[in-house]
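Accompanying notes for the structure given below.
The values are calculated or read from the model by the stated rules, or taken from the named source; none is laboratory data. A quick note: this is a predicted structure, and the numbers were derived from the prediction, not measured. Every residue, glycine among them, receives a Cβ derived from its backbone with ideal geometry; neighbour counts consider all protein chains shown. Note: areas computed on protein heavy atoms with side chains; ligands, DNA, RNA excluded. Shrake-Rupley method; radii C 1.70, N 1.55, O 1.52, S 1.80 Å.
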Amino acid sequence: PSRWNTFSSARTLFLSSSAITTVGCWLSLIVPLSQAPLWPLLERGHDVVGSDLALGRLAALKGLGAALLEADAVRLPFRDGSFDTVLFTEVLEHLPDRAAQRDALREFARVLRPGGRLVLTTPNRPVYRVVVRLWSWFGGQPPDPTHFSELSLGELQALVAETYDIVQVRGKFGFVAW
């Protein structure tokens with residue numbers, strides 16, 4: 001639930017964007033298409049290109065109305081400067097290591113137009129681990145085994161600052177924990 005509230009409030013970031021790519025479309029699979037994070041962007045007339053490494057995920061998104069293609073985050077099939085915004089939502093931690101994360105961030109910079117922006121969300125490792133531990137006490141799921149390289153806030157800021165000027169950092173509930 002907080003994920004969607006955070007994304008909904010973040011939609012205002014896209015008001016000046018017309019060409020948007022979302023890398024890693026899996027997020028749209030866990031809610032009905034009418035509530036998918038991309039839906040409001042499409043409704044507002046943005047040109048949206050979604051990509052994912054898994055063809056099966058893309059097939060499930062055909063009704064969304066966005067252009068969809070199979071692509072790896074570290075080797076996107078777009079020309080330099082193709083997009084105003086790159087949306088990378090809850091995917092960074094699924095890349096195998098820091099080198100792959102660094103490569104993906106550089107690739108996003110390549111496909112962004114001058115003045116474009118990267119909108120990235122990822123779990124804050126210390127907070128995520130506490131939440132998972134608490135959740136497990138109440139019979140919740142174990143940690144996601146596909147989280148190969150989670151980052152703390154400091155690690156994320158350092159990694160992103162290698163390629164981008166950081167404009168805003170927000171936590172899920174409006175505050176940022178270590």
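The table below gives the values:
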item: Residue check for L95: surrounded by fewer than 18 Cβ atoms within 10 Å (Cβ to Cβ) and at pLDDT 80 or above; result: no
item: The lone exception for P143 - which of (1) more than 23 Å from L53 (Cβ to Cβ); (2) without any contact (Cβ under 8 Å) to a residue 40 or more places away in the chain; (3) open to solvent by 40 Å² or more (accessible area, probe 1.4 Å) it fails; result: (1)
item: Flag if L112 is closer than 11 Å to T21 by Cβ and open to solvent by less than 50 Å² (accessible area, probe 1.4 Å); result: yes
item: Test set (1) open to solvent by 50 Å² or more (accessible area, probe 1.4 Å); (2) under 29 Å from N124 (Cβ atoms); (3) of a type outside the set (F, W, Y); (4) at pLDDT 85 or above - L87 fails condition number; result: (1)
item: Identity of the residue in the range 163-173, of a type outside the set (V, I, T) and surrounded by 10 or more Cβ atoms within 10 Å (Cβ to Cβ), that ends up modelled with the highest pLDDT; result: Y164
item: Residue check, D52 of a type in the set (D, E) and open to solvent by 60 Å² or more (accessible area, probe 1.4 Å); result: no
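Here's the yes/no breakdown for (1) among the basic types (K, R); (2) touching a Phe, Trp or Tyr at 6+ places or on another chain (Cβ under 8 Å):
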position: G81; (1), (2): no, no
position: V86; (1), (2): no, yes
position: L105; (1), (2): no, yes
position: R129; (1), (2): yes, no
position: L151; (1), (2): no, no
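Per-residue answers, yes or no, for (1) at pLDDT below 95; (2) closer than 15 Å to C25 by Cα; (3) surrounded by fewer than 18 Cβ atoms within 10 Å (Cβ to Cβ):
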| residue | (1), (2), (3) |
| --- | --- |
| K62 | yes, yes, yes |
| R106 | no, no, yes |
| R117 | yes, no, no |
| V132 | yes, no, yes |
| E150 | yes, no, no |
| L153 | yes, no, yes |
| A158 | yes, no, yes |
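Let's see how each residue does on (1) out of contact with any Pro (no Cβ under 6 Å at 6 or more places or on another chain); (2) in contact (Cβ under 8 Å) with a residue 12 or more places away in the chain; (3) among the basic types (K, R):
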site: A59; (1), (2), (3): yes, no, no
site: F83; (1), (2), (3): yes, yes, no
site: H94; (1), (2), (3): yes, yes, no
site: R106; (1), (2), (3): yes, yes, yes
site: R125; (1), (2), (3): yes, yes, yes
site: W135; (1), (2), (3): yes, no, no
site: Q157; (1), (2), (3): yes, yes, no
